[in-house]
Amino acid sequence: MTAKAENAALPIEGARILIVGGASLVGSATAELLLQQGAGEVTILDNFYQGSREAIHHIEGNPRLKVVQGDVMRLPQLLAASKGVDGILHLAAVMSITMDRDPWVGLDVNIRGAQNVIEAAWIGGVKKLVFASSNAVYGYGPGIVGELMETTPFHSTDAPPAAILYGASKIIGEQLCRDAHRKFGLNYVVVRYSTVYGERQHYRAANALYIIETHDRVRAGQRPQVIGDGSETKHFVHVSDVARANVAAFASSATDIAVNISGPKPTTTLEIVQLVTELAGKSLAPEHVAPDPGKVRLTSGGAWRIDHAKAAKAIGWRPQVDMREGIRRLIAWREAAERKQVAG
C-alpha cells in the first residue's frame, strides 16, 4: 500500500534525528547533510563494532552532533537515545560477508535489532522511521534480469546462502515496519539501497569492495582483475545520493512505503575496472580471472537495472552522481586521506 498523510512529513530544520548505526559510510554522510540542512540535533548511536570514529571525524566538532556508544541489541539503550527524538534512521545491520562468517549474529542484529528500533520508535512517539533496506530483497543469481521494481519477487536459486540470508533478513525487517504501522500507526519509509560506494568507503560490502580492490591493485602497479568476461551487471549508488534519499524520506509526506534508491544507471564489472584504472592515471590492461569459490560474491547473471521511478514520485528523489564522478570522488578522498596520514 502507498499511503500518504500530511502529518507524516518531518521537516528537517530544527528536527532531532537519531541515526542507529551512524558511524558508517551512509550514516556519516546523512548526519553531515542533516546538519547542513538545519537539524536541531543529530544523535549517532553505534557500538563501533563495524562503525568507526574515523567515519564521523569530519563532523564530530559540530555542537549539534551527539555521539552515543550503544548497541541495537539493547532496547534500554535505544529507548534512552530516542527520548525526545522526532525521527530515527535505522542503518545498523550485518552484511553478507559477516553473515557468511556468523549467521546467528547477522540474523539477531538484522531482525531482533530492527524490532528493537521499531519498538523504541513507537514507544517514544517518534514521528517517522526511515528503515534502510537493500536491493537484496529481490535476491541474487541467474534469475535476476530486466527491471527490478518494488513489486519484483524474491529470487534465491543458485545464489550464495549468506547473500540470501541477508536479503531475507531485510525482507523481515521491512515487514516488521509494516506491522508496526498497522498496529500502532508508526509512520515509516523503507529505502532499498542498491550497492553504496563513496568517500569513507570500507572493506565490508561485497560489491563495493570490487572498486577498492581494483584501486589497490592498480596503484601498486598490478593489472586489475576482471572476474569472468566482465559482463556482470552491477547497480551502484553514490553515498551522497543515498544521504539525500534518507533526508527526502523524512521530509516527504510518504508513509507505509518501500522505494528503490539506485544510481543513474547500471554498469558492468569490466566498465568499473576500466573507470578505476583510468581515473587512477594508469594504463594497465585488465586480467580476466575465474571467480574465487571461497569468496562471497553477489552475482547478477545478466543485464538488469534497479528502477527508482517510485522514489521520484513518492519522496521527490532522483540520483545525481554517475559512476565516473563517484569513482573520481572516492579516489580523490582515498589519496587525500593517505597524504594526511603520511603528513601526520
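Any read-out appearing in this document is the output of simple, stated calculations on the displayed coordinates, not a laboratory observation. All values reported here derive from a predicted model rather than from experimental measurement. Heads up, the Cβs are rebuilt from the backbone with ideal geometry, glycines too, and the neighbour counts pull from every protein chain shown.
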*Only loop residues by DSSP count here, and only those with at most 11 other Cβ atoms within 10 Å; note down the chymotrypsin sites (Phe, Trp or Tyr not before Pro) in the stretch 129-212 that meet that.*
Tyr203
_Whole-Å distance, taken between Cα centres, linking the stretch 9-83 and the stretch 117-191_ = 22
*Give, in nm to one decimal, the length gained when the segment between Arg64 and Met149 is fully stretched (0.36 nm per residue of separation minus the Cα-Cα distance).*
26.9 nm
*So between Thr157 and Asp229, what do we pick up on full extension, going 0.36 nm a residue minus the alpha carbon distance?*
23.7 nm
_Give the average over all directions of the projected area of the C-alpha convex hull of the stretch 70-220, one decimal, in nm²._
10.6
*Quick one: if the Förster radius is 56 Å, what FRET efficiency do Arg178 and Ser283 give, using the C-beta to C-beta distance and rounding to 0.05?*
0.65
_Nothing charged except the Cβ atoms of Lys and Arg (+1) and of Asp and Glu (-1): what's the magnitude of the dipole of the chain about its Cα centre? Round to the nearest 20 debye._
440
*Extended-chain gain in nm, criterion 0.36 nm per residue less alpha-carbon gap, Lys265 and Ala336*: 22.8 nm
_Please enumerate, by chain and number, the lysines with C-alpha under 25 Å from the C-alpha of Lys340, excluding those fewer than 8 residues away in the same chain._
Lys282
*Give me the lysines in straight-line cross-link reach of Lys313: C-alpha distance below 27 Å, same-chain residues under 8 apart excluded.*
Lys4, Lys127, Lys128, Lys170, Lys183, Lys234, Lys265
_Three semi-axes of the equivalent ellipsoid, the chain, Cα gyration tensor, whole Å, largest first_ = 32, 23, 18
_Shape call, the stretch 46-101: gyration tensor on alpha carbons, a/c limit 1.5_ = oblate
_Sum of -39500 (n - 2.57) over DSSP H runs of 4+, divided by residues of the chain (222 nm, nearest 500)_ = -11500 deg cm²/dmol
*Starting at 0 and stepping by 10 Å, how many percent of the alpha carbon pairs of the stretch 70-145 end up in each bin?*
18, 44, 26, 10, 2
*Arranged from highest to lowest average of other beta-carbon atoms within 10 Å per residue, in what order do the peptides 17-27, 249-259 appear?*
17-27, 249-259
_Quick query: amide H of Gly70 versus all other amide H atoms, modeled in the peptide plane; which residues come in under 5 Å with a sequence gap of 5 or more or a different chain?_
Asp46, Asn47
